[in-house]
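Here the structure comes first, spelled out in structure tokens, and everything after it is commentary.
The values are calculated or read from the model by the stated rules, or taken from the named source; none is laboratory data. Nothing here was measured: the structure is a model prediction, and the numbers come from that model. Neighbour counts run over all protein chains shown; Cβ positions are idealised from the backbone, glycine included.
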Amino acid sequence: MTRRLHIGGVVRAPGWEVLNALPGEHVDHVRNANDLSCFSAATFSDIYASHVLEHLDYTGELLATLKQWHRVLMPGGTVHLSVPDLDTLADLLLLKDRLAMSERFKVMRMLFGGHEDRYDYHVTGLNEEFIAYFLREAGFIDVQRVADLGFFDDTSRQTFHGMPISLNVTARKAR
């Protein structure tokens, strides 16, 4: 049986196991995204994470976490990732002539996290170049930007003033 892991998921979906740092009825595995030590190598065919990687420190935690995700993926498996797009959010923040201060404040929260719980703090900004670098360093291949990851109606599809604020990427583990 093929297993798929939704890291940071907030709803139950058929065919997906949910891993989240916060417990809930929808959560199968209560753990931090940076600790998949409870899973054997090559456990999952797919890993999905929307707006998770920006919570990991770029000085070591991010790469170490991606290496763990790579380890638990089956050969040929795919990681489906969405992060706040640093380039788009920076462009939006600079639109002082078109966006009110309150709107730019919302953009700032997208950059740094909503601070609604102890995990809702962003410590890394990622754009296409940065995320591709970290994925390749972790051993992933075929890194591709995609418009829609196609699985969940979540922050990966969020827009602000008509602009998609997420960078959606897929990458594979070699066979």
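Looking only at residues of segment 1-41 that are modelled with pLDDT of 95 or more and among the polar types (S, T, N, Q), we find that the one that is farthest from VAL83 (Cα to Cα) is SER40.
Scanning segment 62-90 for residues that are charged (D, E, K, R), surrounded by fewer than 23 Cβ atoms within 10 Å (Cβ to Cβ) and either within 16 Å of SER166 (Cα to Cα) or within 14 Å of the chain's Cα centre (by Cα) (or both) returns a single hit, ASP87.
One line per residue, one yes/no per condition, for (1) farther than 19 Å from TYR58 by Cα; (2) at pLDDT below 95; (3) of a type outside the set (Asp, Glu):
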position	(1), (2), (3)
ASP85	no, no, no
MET101	yes, no, yes
ARG104	yes, no, yes
ASP154	yes, no, no
VAL169	no, no, yes
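Strands (runs of 3 or more DSSP E) fully within segment 72-175 that include at least 2 residues being over 29 Å from PRO23 (Cα atoms): 73-84, 141-146. Checking LEU99, LEU73, LEU86 one by one, the residue that is touching a residue at least 12 places away in the same chain (Cβ under 8 Å), within 25 Å of ALA147 (Cβ to Cβ), touching a Ser or Thr at 6+ places or on another chain (Cβ under 8 Å) and of a type in the set (A, V, I, L, M, F, W, C) is LEU73 and no other. You will find that of ALA33, ALA64, the residue that is assigned to a helix (DSSP H, G or I) and not basic (Lys, Arg) is ALA64 and no other.
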